[in-house]
Amino acid sequence: MATSSTTFHILGAGPTGSLAAIALASTGCSVVLTDPLTRKELLSRSRAYAITHSSRRLLTDLNLWTSLQGSLTAFSFLDLRDSACGGRVVFGLDDLPNSNGRHEAIGWILDHQPLMKLLMDRLHQHHRVELALGCTAPTPGIDDLIVAADGPRSTTRSQWDIGCWKFRYRQGCLTSKIALRGVKPGMAYELFRPEGPFAILPLGDGIFQVVWSAPWTQCQRRADLPTPEFLDELAAVLPAGIEPDLLLDTPRAFSQQWSMARRLSRGRGVLLGEAGHRCHPVGGQGLNLCWRDVASLRNLAEHGGTSQRLARRYGRSRWADLLMVGLATDLLVRLFSNQQPWLLPFRRIGLKAMARFSWLRRISLLAMTDGPTQLLKPLPD
Ligand SMILES: Cc1cc2nc3c(=O)[nH]c(=O)nc-3n(C[C@H](O)[C@H](O)[C@H](O)COP(=O)(O)OP(=O)(O)OC[C@H]3O[C@@H](n4cnc5c(N)ncnc54)[C@H](O)[C@@H]3O)c2cc1C
């Protein structure tokens, strides 16, 4: 039974596995969390995440939200532009579902390091969590529920003989931290450019993370450019009035993949986070989707049942959300990363309609911030 005597054996202490450990321990279960990386290595990734309201709710439930306040940079406007057709929509706080002026942000940007530091500190303090970092993982007990949160190249998924639907995008993406001038306070940007989406995410104090999608060879070339040339190329794609001041880290190029495991459970094992699915970073959905896996598993653990039954129910509970986000992000990339003359008028009309009708903006923002399955349910808080 998934009761306080159940032990969850989590493989992978990335942002998904670590949050899952806290969430499952909060239900009274014992948790063993393992990762071949040490705490220092787990903290060292240079990345920022766009955090949506579905993640805010889970972090609040787990008493983590208040402790993260000093590290979150809120944005209250999202400026979405299509550079090929000239369309533009600006989302504001009024476009949030159930807004009534209650929410102070559309979303937040959170740096990897303060997030992982807080998660690691909480895990160290938790008496129900056993941490095995940077060492060989202890063998799971015969009744333990095994949670594979070991990332997109999950070896556990292969050991369980679970196949994947997957393909590699022609586009890669380049991420970098930059000091920019001319960005309005509280503004984040998603620019659709023919070579791919380009996001500007505020990190506070005039610092921004850019996520620059483009053909893979372009990303690699740009990552190798000397700093002045990199800043020149960046300046050429930034919206008018915004200028780069300083490069603050080494730009890194990543390949992009879409993948979905053919099943999310096997026996008493489940796939969590990017071990089970991966989508394009457009719209900053990735980690939020992984954390909705965590919320779902926690919810099921609270209701009990045998490990096998819990694993099966988890698998069933996540399909709709994962498929809809996977398809929506893929559609966005395909629809907007081109200059097809026959598509441009439709894109222009679509964005004009969205700029004009607030209900269209609300629906889009609800799908982005709470997941598309929420469109079928009563509005969340
Ligand atoms: C360029 C880029 C930009 C992104 N931007 C955003 C964004 O703005 N917003 C957003 O929400 N998401 C974003 N994402 C996605 C986000 O980074 C991922 O969703 C997130 O890292 C997934 O976390 P995870 O814990 O599932 O996997 P990972 O972070 O990959 O962690 C997996 C962990 O498992 C460990 N591991 C591996 N094998 C084993 C094993 N056998 N046993 C135990 N442990 C093992 C690894 O050491 C690792 O620590 C972005 C991704 C990329 C590539």
Handout entry: Calculated SAXS-style log₁₀ I(q)/I(0) at q = 0.22 Å⁻¹ - the range 136-188, Debye, Cα scatterers
Key = -1.02
Handout entry: Computed accessible area, residue 94, all protein chains, 1.4 angstrom probe, square angstrom
Key = 110
Practice task
Whole number in Å², please: accessible area per residue of the chain, 1.4 Å probe, ligands, DNA and RNA not counted.
Solution key: 44
Fill in the blank from the handout: The extension gain from residue 327 to residue 243, computed as 0.36 nm times the residue separation minus the Cα-Cα distance, is 26.8 nm
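Taking a 1.4 Å probe, which of 297, 37 shows the most accessible area, and what order do the others take after it?
Working: 297 0, 37 75 Å².
In descending accessible area the options line up as 37, 297.
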Handout entry: Among 360, 203, 264: highest mean-square fluctuation, GNM of the chain, C-alpha pairs under 10 Å
Key = 360
Practice task
Please state the charge dipole magnitude for the range 83-169, taken about the Cα centre, from unit charges on C-beta atoms (+1 on K and R, -1 on D and E), reported in debye and rounded to the nearest 20.
Solution key: 320
Problem - lysines with Cα under 19 Å of residue 117, excluding same-chain neighbours fewer than 8 positions away - result: 40
Practice task
With a 1.4 Å probe and all protein chains in place, put 212, 165, 319, 65 in order of accessible area, largest first.
Solution key: 165, 319, 65, 212
Problem - Label point at residue 348 placed 7 Å out along Cα→Cβ; residues across the range 173-193 whose backbone nitrogen lies under 19 Å - result: 192-193
Handout entry: All lysines inside 23 Å of residue 352 as judged from Cα atoms, apart from same-chain residues fewer than 8 positions distant
Key = 184
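Which shape class, rounded, prolate or oblate, goes with the chain when its Cα gyration tensor gives a ≥ b ≥ c as root eigenvalues, a/c under 1.5 marks rounded, and past that a/b bigger than b/c marks prolate? Walk me through the numbers before you get to the answer.
Working: a/c = 1.70, a/b = 1.55, b/c = 1.10.
The shape class here is prolate.
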Handout entry: Cα-based shape type of the range 293-375, given that a ≥ b ≥ c are square roots of the gyration tensor eigenvalues and the cut on a/c is 1.5
Key = prolate
Problem - Accessible area of residue 117 in the full protein assembly, 1.4 Å probe (Å², nearest 10) - result: 100
Practice task
Add +1 for every Lys or Arg and -1 for every Asp or Glu among the other residues with Cβ under 13 Å from the Cβ of residue 307, and state the total.
Solution key: +3
Fill in the blank from the handout: Projecting the Cα atoms of 346, 301, 226 onto the charge dipole of the chain, where Lys and Arg contribute +1 and Asp and Glu -1 at Cβ, the residue farthest towards the positive end is 346
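Rounded to a whole number, what % of the accessible area of the chain do carbon and sulfur atoms account for, probe 1.4 Å? Write out the running numbers ahead of the final one.
Numbers: 9100 of 16950 Å².
C and S atoms contribute 54 percent here.
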Problem - Estimated FRET transfer efficiency (residue 375, residue 43; beta-carbon r; R0 30 Å; 0.05) - result: 0.25
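Checking the a/c ratio against 1.5 first, then a/b against b/c, what shape does the Cα gyration tensor give for the range 60-199?
Numbers: a/c = 2.36, a/b = 1.49, b/c = 1.58.
Taking the square roots of the gyration eigenvalues as a ≥ b ≥ c, the range 60-199 is oblate.
The values are calculated or read from the model by the stated rules, or taken from the named source; none is laboratory data. In this text, all values refer to a predicted model and were calculated from it rather than measured experimentally. Cβ: placed from backbone, ideal geometry, glycine included. Neighbour counts: every protein chain shown. In case anyone asks, the SASA skips ligands and DNA or RNA and just uses the protein heavy atoms, side chains included. Shrake-Rupley method; radii C 1.70, N 1.55, O 1.52, S 1.80 Å.
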